[in-house]
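Below you'll find the structure, written out as C-alpha coordinates, and then a few comments.
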Amino acid sequence: MINPLRGMKDLIFDESRKYQHIIYAASNIAKNYGYEYIETPILEETALFKRSVGESSDIVGKEMYQFRDKGDNDVCMRPEGTAGVVRAFVSSKLDRQDGTYRFCYYGPMFRYERPQKGRLRSFHQFGCESFGESSVYEDFVMMSMIKDIFNALNIGYTLKINSLGCKDCMPAYREKLVAFLDGTKNELCIDCNRRIDTNPIRVLDCKVEKCQSMFNDSPKLLDNLCDVCDSDFEKLKSLLDNANIDYEIDTNLVRGLDYYNKTAFEFISSEIGSQSAIAGGGRYDRLVEFLDGKPTPAVGFALGIERIMDLVILPEPKREGYYLGSMNEDGVEKLLDTSLKLRKKYKVTLEYKAKSLKSHLKSADKVGAKSIIFIGNDELANNTIWIKDLETKEEKTIKIEDFNSLKETV
Ligand SMILES: [Zn+2]
Ligand SMILES: [Zn+2]
(Lines give C-alpha, C1' and ligand atoms only; values in the text may rest on other atoms or scores of the structure.)
(Ligands and ions follow the chains in the order given, each with its own letter.)
Protein backbone atom coordinates (compact mmCIF):
# COMPACT_ATOMS: atom_id res chain seq x y z
CA MET A 1 0.00 0.00 0.00
CA ILE A 2 1.33 3.43 -0.91
CA ASN A 3 0.63 6.08 1.72
CA PRO A 4 0.98 9.85 1.44
CA LEU A 5 4.49 11.18 2.05
CA ARG A 6 5.51 12.04 5.60
CA GLY A 7 3.98 15.36 6.64
CA MET A 8 1.38 15.25 3.86
CA LYS A 9 -2.22 14.20 4.09
CA ASP A 10 -5.38 13.78 2.12
CA LEU A 11 -8.33 16.03 2.79
CA ILE A 12 -11.37 13.81 2.71
CA PHE A 13 -15.00 13.94 3.90
CA ASP A 14 -15.34 16.50 6.74
CA GLU A 15 -11.88 17.92 6.09
CA SER A 16 -12.41 18.46 2.37
CA ARG A 17 -15.87 19.88 3.16
CA LYS A 18 -14.33 22.31 5.62
CA TYR A 19 -11.67 23.23 3.07
CA GLN A 20 -14.31 24.00 0.44
CA HIS A 21 -16.49 25.82 2.96
CA ILE A 22 -13.58 28.14 3.90
CA ILE A 23 -12.45 28.73 0.31
CA TYR A 24 -16.03 29.40 -0.79
CA ALA A 25 -16.62 31.98 1.99
CA ALA A 26 -13.25 33.68 1.50
CA SER A 27 -13.49 33.76 -2.32
CA ASN A 28 -16.97 35.26 -2.31
CA ILE A 29 -16.03 37.99 0.13
CA ALA A 30 -12.80 38.74 -1.76
CA LYS A 31 -14.86 39.04 -4.96
CA ASN A 32 -17.06 41.66 -3.28
CA TYR A 33 -13.89 43.57 -2.44
CA GLY A 34 -12.77 43.55 -6.09
CA TYR A 35 -10.29 40.66 -6.03
CA GLU A 36 -9.89 38.53 -9.13
CA TYR A 37 -8.79 34.89 -8.94
CA ILE A 38 -5.24 34.17 -10.07
CA GLU A 39 -3.63 30.75 -10.50
CA THR A 40 0.16 30.60 -10.59
CA PRO A 41 2.41 27.53 -10.97
CA ILE A 42 3.33 25.54 -7.86
CA LEU A 43 6.85 25.07 -9.22
CA GLU A 44 9.00 28.19 -9.70
CA GLU A 45 12.65 29.10 -10.11
CA THR A 46 14.38 28.88 -6.74
CA ALA A 47 15.76 32.39 -7.26
CA LEU A 48 12.22 33.79 -6.94
CA PHE A 49 11.91 32.70 -3.32
CA LYS A 50 15.50 33.54 -2.45
CA ARG A 51 14.87 37.10 -3.56
CA SER A 52 11.35 37.53 -2.18
CA VAL A 53 11.07 35.41 0.97
CA GLY A 54 14.74 36.17 1.68
CA GLU A 55 17.83 34.00 2.10
CA SER A 56 18.09 34.76 5.80
CA SER A 57 14.63 33.30 6.51
CA ASP A 58 14.15 29.77 7.86
CA ILE A 59 11.83 29.08 4.94
CA VAL A 60 14.53 29.58 2.33
CA GLY A 61 17.44 28.53 4.55
CA LYS A 62 16.06 25.19 5.72
CA GLU A 63 12.56 24.38 4.55
CA MET A 64 12.32 24.53 0.78
CA TYR A 65 11.41 21.63 -1.49
CA GLN A 66 14.25 22.52 -3.80
CA PHE A 67 15.69 20.31 -6.52
CA ARG A 68 17.20 20.24 -10.00
CA ASP A 69 14.75 19.26 -12.71
CA LYS A 70 15.68 17.14 -15.76
CA GLY A 71 16.84 20.25 -17.59
CA ASP A 72 19.17 21.05 -14.65
CA ASN A 73 17.10 24.08 -13.61
CA ASP A 74 17.20 24.99 -9.92
CA VAL A 75 13.50 24.85 -9.02
CA CYS A 76 11.37 24.91 -5.90
CA MET A 77 7.82 24.04 -4.81
CA ARG A 78 6.24 27.26 -3.58
CA PRO A 79 6.60 27.68 0.22
CA GLU A 80 4.11 30.59 0.21
CA GLY A 81 1.88 32.40 -2.27
CA THR A 82 2.92 36.03 -2.48
CA ALA A 83 6.14 35.54 -4.46
CA GLY A 84 4.39 33.80 -7.36
CA VAL A 85 1.62 36.41 -7.56
CA VAL A 86 4.14 39.28 -7.57
CA ARG A 87 6.17 37.47 -10.24
CA ALA A 88 3.00 37.01 -12.31
CA PHE A 89 2.18 40.71 -11.88
CA VAL A 90 5.63 41.64 -13.26
CA SER A 91 5.63 38.87 -15.94
CA SER A 92 2.31 40.21 -17.23
CA LYS A 93 3.79 43.72 -17.37
CA LEU A 94 1.01 45.07 -15.20
CA ASP A 95 3.64 47.14 -13.35
CA ARG A 96 3.94 49.27 -16.52
CA GLN A 97 0.26 50.15 -16.46
CA ASP A 98 -1.57 52.58 -14.27
CA GLY A 99 -4.32 51.38 -12.03
CA THR A 100 -5.02 49.05 -9.17
CA TYR A 101 -4.86 45.28 -9.57
CA ARG A 102 -6.26 42.99 -6.92
CA PHE A 103 -5.72 39.22 -6.98
CA CYS A 104 -6.74 36.36 -4.73
CA TYR A 105 -5.38 32.83 -4.79
CA TYR A 106 -5.56 29.59 -2.85
CA GLY A 107 -3.91 26.21 -2.91
CA PRO A 108 -1.17 24.01 -1.48
CA MET A 109 2.19 25.30 -0.23
CA PHE A 110 5.19 23.12 0.64
CA ARG A 111 7.76 23.36 3.42
CA TYR A 112 10.18 20.64 4.40
CA GLU A 113 9.82 20.96 8.18
CA ARG A 114 9.76 18.38 10.94
CA PRO A 115 6.08 17.39 10.86
CA GLN A 116 4.22 18.10 14.10
CA LYS A 117 0.66 18.77 15.14
CA GLY A 118 -0.74 21.63 13.10
CA ARG A 119 2.35 21.81 10.93
CA LEU A 120 2.38 19.79 7.74
CA ARG A 121 4.82 19.71 4.87
CA SER A 122 1.96 20.28 2.45
CA PHE A 123 -0.55 22.82 3.72
CA HIS A 124 -2.98 25.33 2.22
CA GLN A 125 -3.32 29.08 2.14
CA PHE A 126 -5.84 31.56 0.85
CA GLY A 127 -4.39 34.98 0.12
CA CYS A 128 -5.00 38.35 -1.49
CA GLU A 129 -2.53 40.81 -3.02
CA SER A 130 -3.38 44.37 -3.99
CA PHE A 131 -1.06 46.31 -6.32
CA GLY A 132 -0.90 50.00 -7.17
CA GLU A 133 -2.58 51.50 -4.12
CA SER A 134 -0.42 53.39 -1.61
CA SER A 135 -3.32 54.77 0.44
CA VAL A 136 -3.63 53.47 3.97
CA TYR A 137 -7.35 53.10 3.19
CA GLU A 138 -6.39 49.95 1.28
CA ASP A 139 -4.71 48.48 4.38
CA PHE A 140 -7.80 49.25 6.42
CA VAL A 141 -10.18 47.83 3.80
CA MET A 142 -8.10 44.65 3.62
CA MET A 143 -8.40 44.16 7.38
CA SER A 144 -12.16 44.74 7.12
CA MET A 145 -12.31 42.05 4.47
CA ILE A 146 -10.47 39.55 6.71
CA LYS A 147 -12.82 40.48 9.54
CA ASP A 148 -15.77 39.74 7.21
CA ILE A 149 -14.25 36.36 6.32
CA PHE A 150 -13.79 35.35 9.96
CA ASN A 151 -17.28 36.58 10.82
CA ALA A 152 -18.75 34.55 7.96
CA LEU A 153 -16.93 31.48 9.29
CA ASN A 154 -17.91 32.24 12.90
CA ILE A 155 -14.32 32.43 14.11
CA GLY A 156 -13.18 34.68 16.94
CA TYR A 157 -9.88 36.56 16.64
CA THR A 158 -7.65 39.29 18.01
CA LEU A 159 -6.14 41.75 15.55
CA LYS A 160 -2.58 42.93 16.16
CA ILE A 161 -1.07 45.80 14.21
CA ASN A 162 2.28 47.53 13.91
CA SER A 163 4.13 49.84 11.55
CA LEU A 164 7.47 48.83 10.10
CA GLY A 165 8.34 52.34 8.89
CA CYS A 166 9.81 52.96 5.46
CA LYS A 167 13.15 53.35 3.74
CA ASP A 168 13.44 56.83 5.24
CA CYS A 169 12.91 55.88 8.89
CA MET A 170 13.66 52.15 9.16
CA PRO A 171 17.47 52.20 8.61
CA ALA A 172 18.08 54.72 11.42
CA TYR A 173 15.87 52.65 13.71
CA ARG A 174 17.70 49.48 12.74
CA GLU A 175 21.01 51.08 13.80
CA LYS A 176 19.54 52.08 17.16
CA LEU A 177 18.22 48.57 17.64
CA VAL A 178 21.52 46.89 16.71
CA ALA A 179 23.33 49.16 19.21
CA PHE A 180 20.85 48.09 21.89
CA LEU A 181 21.12 44.39 20.95
CA ASP A 182 24.92 44.49 20.98
CA GLY A 183 24.67 45.54 24.62
CA THR A 184 22.41 42.58 25.52
CA LYS A 185 24.04 39.97 23.27
CA ASN A 186 25.12 37.63 26.07
CA GLU A 187 21.58 37.36 27.40
CA LEU A 188 20.04 36.46 24.02
CA CYS A 189 19.56 33.03 22.43
CA ILE A 190 21.69 31.61 19.60
CA ASP A 191 19.08 32.44 16.95
CA CYS A 192 18.90 36.05 18.11
CA ASN A 193 22.68 36.33 18.04
CA ARG A 194 22.77 35.03 14.48
CA ARG A 195 20.00 37.41 13.46
CA ILE A 196 21.69 40.50 14.92
CA ASP A 197 23.99 40.28 11.91
CA THR A 198 21.69 38.87 9.25
CA ASN A 199 18.27 40.32 10.07
CA PRO A 200 18.20 42.35 13.31
CA ILE A 201 14.52 43.38 13.09
CA ARG A 202 13.48 39.71 13.23
CA VAL A 203 15.15 39.43 16.65
CA LEU A 204 12.09 41.19 18.14
CA ASP A 205 9.99 38.28 16.92
CA CYS A 206 11.96 35.68 18.97
CA LYS A 207 9.70 33.22 20.77
CA VAL A 208 12.13 32.63 23.67
CA GLU A 209 10.72 34.20 26.84
CA LYS A 210 14.05 35.37 28.19
CA CYS A 211 14.77 37.20 24.93
CA GLN A 212 11.31 38.81 24.98
CA SER A 213 11.89 40.09 28.52
CA MET A 214 15.13 41.72 27.35
CA PHE A 215 13.21 43.63 24.67
CA ASN A 216 11.03 45.52 27.16
CA ASP A 217 13.57 48.32 27.15
CA SER A 218 14.48 48.12 23.47
CA PRO A 219 13.97 51.18 21.29
CA LYS A 220 10.49 50.97 19.72
CA LEU A 221 9.91 51.37 16.02
CA LEU A 222 6.69 53.29 16.62
CA ASP A 223 8.65 55.99 18.49
CA ASN A 224 11.00 56.33 15.55
CA LEU A 225 8.68 56.69 12.56
CA CYS A 226 9.05 59.55 10.07
CA ASP A 227 6.15 62.00 9.78
CA VAL A 228 4.54 60.22 6.81
CA CYS A 229 4.66 56.78 8.42
CA ASP A 230 3.47 58.20 11.71
CA SER A 231 0.45 59.98 10.23
CA ASP A 232 -0.46 56.88 8.16
CA PHE A 233 -0.37 54.74 11.30
CA GLU A 234 -2.49 57.27 13.20
CA LYS A 235 -4.95 57.28 10.29
CA LEU A 236 -5.10 53.50 10.28
CA LYS A 237 -5.88 53.43 13.99
CA SER A 238 -8.65 56.00 13.65
CA LEU A 239 -10.18 54.11 10.69
CA LEU A 240 -10.23 50.91 12.76
CA ASP A 241 -11.67 52.80 15.75
CA ASN A 242 -14.45 54.31 13.64
CA ALA A 243 -15.30 50.90 12.19
CA ASN A 244 -15.40 49.37 15.70
CA ILE A 245 -12.71 46.89 14.81
CA ASP A 246 -10.78 46.05 17.99
CA TYR A 247 -7.01 45.85 17.73
CA GLU A 248 -3.88 45.68 19.84
CA ILE A 249 -0.61 47.39 18.99
CA ASP A 250 2.27 44.93 19.02
CA THR A 251 5.63 46.65 18.50
CA ASN A 252 7.30 43.25 18.19
CA LEU A 253 5.16 42.22 15.22
CA VAL A 254 7.84 42.40 12.52
CA ARG A 255 8.72 40.85 9.21
CA GLY A 256 12.28 41.97 8.77
CA LEU A 257 12.92 42.10 5.04
CA ASP A 258 13.70 45.36 3.35
CA TYR A 259 10.67 45.42 1.10
CA TYR A 260 8.19 45.11 3.97
CA ASN A 261 7.15 48.53 5.21
CA LYS A 262 4.47 50.44 7.07
CA THR A 263 1.44 48.36 8.06
CA ALA A 264 2.01 44.86 9.43
CA PHE A 265 -0.86 42.89 10.95
CA GLU A 266 -1.81 39.50 12.31
CA PHE A 267 -5.11 37.92 13.25
CA ILE A 268 -4.59 35.66 16.25
CA SER A 269 -6.84 32.92 17.56
CA SER A 270 -6.60 32.07 21.23
CA GLU A 271 -8.70 28.95 20.63
CA ILE A 272 -5.90 26.87 19.13
CA GLY A 273 -3.05 26.32 21.56
CA SER A 274 -0.84 29.24 22.37
CA GLN A 275 -1.82 32.35 20.45
CA SER A 276 -1.72 31.08 16.91
CA ALA A 277 -1.73 33.40 13.89
CA ILE A 278 -4.59 32.47 11.58
CA ALA A 279 -3.90 35.30 9.13
CA GLY A 280 -1.00 37.63 8.56
CA GLY A 281 -0.10 40.36 6.16
CA GLY A 282 0.97 43.88 5.52
CA ARG A 283 2.50 46.28 3.10
CA TYR A 284 5.38 45.38 0.80
CA ASP A 285 5.80 48.52 -1.29
CA ARG A 286 9.25 47.52 -2.58
CA LEU A 287 8.86 43.85 -3.45
CA VAL A 288 7.75 44.49 -7.05
CA GLU A 289 10.98 46.44 -7.52
CA PHE A 290 13.01 43.64 -5.86
CA LEU A 291 11.59 41.30 -8.50
CA ASP A 292 12.63 43.60 -11.38
CA GLY A 293 9.30 45.39 -11.78
CA LYS A 294 8.57 49.11 -11.79
CA PRO A 295 8.17 50.39 -8.20
CA THR A 296 4.55 49.61 -7.25
CA PRO A 297 2.98 49.94 -3.81
CA ALA A 298 1.37 46.71 -2.63
CA VAL A 299 -0.34 45.14 0.34
CA GLY A 300 -1.44 41.57 0.97
CA PHE A 301 -2.27 38.83 3.42
CA ALA A 302 -2.61 35.07 3.68
CA LEU A 303 -4.88 32.84 5.74
CA GLY A 304 -3.64 29.49 7.08
CA ILE A 305 -6.40 27.13 6.00
CA GLU A 306 -5.43 24.14 8.20
CA ARG A 307 -5.46 26.31 11.31
CA ILE A 308 -8.86 27.70 10.37
CA MET A 309 -10.14 24.18 9.67
CA ASP A 310 -9.49 23.37 13.34
CA LEU A 311 -11.80 26.24 14.33
CA VAL A 312 -14.58 26.13 11.80
CA ILE A 313 -17.80 24.25 12.44
CA LEU A 314 -19.57 22.95 9.35
CA PRO A 315 -23.20 23.97 8.99
CA GLU A 316 -25.69 21.12 9.65
CA PRO A 317 -26.18 19.31 6.36
CA LYS A 318 -29.65 19.91 4.91
CA ARG A 319 -31.62 17.19 3.17
CA GLU A 320 -31.47 17.80 -0.57
CA GLY A 321 -32.31 16.24 -3.90
CA TYR A 322 -33.70 12.84 -4.81
CA TYR A 323 -32.93 9.21 -4.16
CA LEU A 324 -34.21 6.83 -6.86
CA GLY A 325 -34.63 3.08 -6.50
CA SER A 326 -36.71 0.12 -7.59
CA MET A 327 -37.65 -3.43 -6.50
CA ASN A 328 -36.91 -4.84 -9.92
CA GLU A 329 -34.39 -4.38 -12.70
CA ASP A 330 -36.87 -3.09 -15.30
CA GLY A 331 -37.82 -0.39 -12.79
CA VAL A 332 -34.18 0.67 -12.40
CA GLU A 333 -33.87 1.06 -16.15
CA LYS A 334 -36.98 3.25 -16.27
CA LEU A 335 -35.52 5.45 -13.54
CA LEU A 336 -32.31 6.06 -15.55
CA ASP A 337 -34.04 8.58 -17.80
CA THR A 338 -35.73 10.33 -14.86
CA SER A 339 -32.41 10.56 -12.98
CA LEU A 340 -30.64 12.25 -15.90
CA LYS A 341 -33.41 14.86 -16.19
CA LEU A 342 -33.39 15.54 -12.43
CA ARG A 343 -29.61 15.90 -12.36
CA LYS A 344 -29.86 19.05 -14.49
CA LYS A 345 -31.24 20.70 -11.37
CA TYR A 346 -30.86 18.48 -8.29
CA LYS A 347 -28.43 16.25 -6.47
CA VAL A 348 -29.54 12.73 -7.38
CA THR A 349 -28.61 9.26 -6.15
CA LEU A 350 -29.76 6.39 -8.37
CA GLU A 351 -29.38 2.89 -6.87
CA TYR A 352 -28.65 0.38 -9.65
CA LYS A 353 -29.44 -2.68 -7.51
CA ALA A 354 -33.05 -3.85 -7.21
CA LYS A 355 -33.97 -3.83 -3.52
CA SER A 356 -36.97 -3.70 -1.18
CA LEU A 357 -38.59 -0.33 -0.34
CA LYS A 358 -37.42 -0.61 3.25
CA SER A 359 -33.84 -1.01 2.16
CA HIS A 360 -34.09 1.95 -0.25
CA LEU A 361 -35.57 4.18 2.47
CA LYS A 362 -32.56 3.42 4.65
CA SER A 363 -30.17 4.31 1.83
CA ALA A 364 -32.10 7.52 1.06
CA ASP A 365 -31.62 8.58 4.69
CA LYS A 366 -27.96 7.75 4.52
CA VAL A 367 -27.31 9.99 1.50
CA GLY A 368 -29.47 12.78 2.98
CA ALA A 369 -32.01 12.88 0.13
CA LYS A 370 -35.03 15.13 0.55
CA SER A 371 -37.30 12.89 -1.54
CA ILE A 372 -37.39 9.28 -2.62
CA ILE A 373 -38.75 8.04 -5.95
CA PHE A 374 -39.59 4.34 -6.00
CA ILE A 375 -40.87 1.82 -8.55
CA GLY A 376 -42.39 -1.34 -7.05
CA ASN A 377 -44.37 -4.06 -8.81
CA ASP A 378 -47.62 -2.02 -9.00
CA GLU A 379 -45.79 1.08 -10.23
CA LEU A 380 -43.98 -0.98 -12.89
CA ALA A 381 -47.28 -2.47 -14.13
CA ASN A 382 -48.99 0.94 -14.23
CA ASN A 383 -46.09 3.03 -15.59
CA THR A 384 -46.12 5.15 -12.44
CA ILE A 385 -43.66 6.21 -9.76
CA TRP A 386 -44.18 6.63 -6.03
CA ILE A 387 -42.68 9.84 -4.58
CA LYS A 388 -42.31 10.61 -0.91
CA ASP A 389 -40.97 13.84 0.58
CA LEU A 390 -38.87 12.57 3.47
CA GLU A 391 -39.17 15.87 5.35
CA THR A 392 -42.90 16.64 5.04
CA LYS A 393 -43.81 12.91 4.71
CA GLU A 394 -46.15 13.81 1.81
CA GLU A 395 -46.42 11.04 -0.75
CA LYS A 396 -48.07 10.51 -4.11
CA THR A 397 -48.13 8.17 -7.10
CA ILE A 398 -48.00 9.70 -10.59
CA LYS A 399 -47.46 8.62 -14.20
CA ILE A 400 -43.74 8.49 -14.97
CA GLU A 401 -44.11 10.43 -18.23
CA ASP A 402 -46.10 13.13 -16.43
CA PHE A 403 -43.33 13.46 -13.84
CA ASN A 404 -40.59 13.56 -16.49
CA SER A 405 -42.32 16.41 -18.30
CA LEU A 406 -42.98 18.49 -15.17
CA LYS A 407 -41.29 21.90 -15.07
CA GLU A 408 -39.57 21.20 -11.73
CA THR A 409 -38.06 18.04 -13.14
CA VAL A 410 -36.06 19.76 -15.88
ZN1 LIG B 1 8.83 56.33 7.30
ZN1 LIG C 1 16.00 34.86 21.05
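The values are calculated or read from the model by the stated rules, or taken from the named source; none is laboratory data. Keep in mind that this is a model prediction, so the values were computed, not measured. As a convention, Cβ positions derive from the backbone with ideal geometry for all residues, glycine included, and neighbour counts pool all protein chains shown.
I'd like to know if the range 262-283 contains one or more residues that are away from ligand 1 (no atom under 14 Å from the Cβ), surrounded by fewer than 18 Cβ atoms within 10 Å (Cβ to Cβ) and not assigned by TED's automatic domain parsing to the domain that holds GLY132. For the range 262-283, residues away from ligand 1 (no atom under 14 Å from the Cβ), surrounded by fewer than 18 Cβ atoms within 10 Å (Cβ to Cβ) and not assigned by TED's automatic domain parsing to the domain that holds GLY132: absent. Quickly run through the range 180-201 and pick out the residues that are in contact with a Lys or Arg (Cβ under 8 Å, 6 or more places away or on another chain), closer than 26 Å to TYR284 by Cβ and away from ligand 1 (no atom under 16 Å from the Cβ). Answer for the range 180-201, where residues must be in contact with a Lys or Arg (Cβ under 8 Å, 6 or more places away or on another chain), closer than 26 Å to TYR284 by Cβ and away from ligand 1 (no atom under 16 Å from the Cβ): ARG195, ILE196, PRO200.
The criterion of being assigned to a helix (DSSP H, G or I) and more than 19 Å from PHE126 (Cβ to Cβ) does not hold for VAL86.
Taking the criterion of being surrounded by fewer than 20 Cβ atoms within 10 Å (Cβ to Cβ) and closer than 22 Å to TYR260 by Cβ, the residues of the range 181-198 that qualify are ASP191, ARG194, ILE196, ASP197, THR198. Residues in the range 144-179 that are away from ligand 1 (no atom under 16 Å from the Cβ), of a type in the set (S, T, N, Q) and in contact with an Asp or Glu (Cβ under 9 Å, 6 or more places away or on another chain): THR158 only. Here the range 70-120 is the region considered, the condition is being in contact (Cβ under 8 Å) with a residue 24 or more places away in the chain and among the acidic types (Asp, Glu), and the residue that is nearest to GLU45 (Cα to Cα) is ASP74.
The criterion of at least 2 residues that are under 16 Å from the mean Cα position of the chain (by Cα) and within 30 Å of ASN216 (Cα to Cα) is met by none of the strands (runs of 3 or more DSSP E) falling completely within the range 96-206. Only one of (1) surrounded by fewer than 18 Cβ atoms within 10 Å (Cβ to Cβ); (2) assigned by TED's automatic domain parsing to the domain that holds GLY281 is not met by ASN3, so which one is it? The failed condition is (2). Of everything in the range 207-225 that is within 31 Å of the chain's Cα centre (by Cα) and surrounded by fewer than 12 Cβ atoms within 10 Å (Cβ to Cβ), the residue that is farthest from ligand 2 (Cβ to nearest atom) is GLU209. Put simply, of VAL312, VAL288, VAL254, VAL228 the only residue that is among the aliphatic types (A, V, I, L, M), away from ligand 1 (no atom under 16 Å from the Cβ) and more than 19 Å from the chain's Cα centre (by Cα) is VAL288. Helices (runs of 4 or more DSSP H) fully within the range 258-351 that include at least 2 residues being at negative phi and basic (Lys, Arg): 329-342. Would you say SER326 is among the hydroxyl-bearing types (Ser, Thr, Tyr), more than 30 Å from ILE12 (Cβ to Cβ), in contact (Cβ under 8 Å) with a residue 40 or more places away in the chain and crowded, with 18+ Cβ neighbours inside 10 Å? Against the criterion (among the hydroxyl-bearing types (Ser, Thr, Tyr), more than 30 Å from ILE12 (Cβ to Cβ), in contact (Cβ under 8 Å) with a residue 40 or more places away in the chain and crowded, with 18+ Cβ neighbours inside 10 Å), SER326 qualifies.
From the list VAL53, VAL90, VAL86, which residue is in contact with a Leu (Cβ under 6 Å, 6 or more places away or on another chain) and more than 26 Å from ASP148 (Cα to Cα)?
Numbers: VAL53 fails: in contact with a Leu (Cβ under 6 Å, 6 or more places away or on another chain); VAL86 fails: more than 26 Å from ASP148 (Cα to Cα).
One residue alone meets the criteria, VAL90.
Annotation: of all residues in the range 366-408 being of a type in the set (Gly, Ala, Ser) and within 19 Å of LYS334 (Cα to Cα), the one that is farthest from the chain's Cα centre (by Cα) is ALA381. In the range 291-306 there is at least one residue matching the filter, namely being under 14 Å from LYS160 (Cβ atoms) and more than 16 Å from ligand 1 (Cβ to nearest atom).
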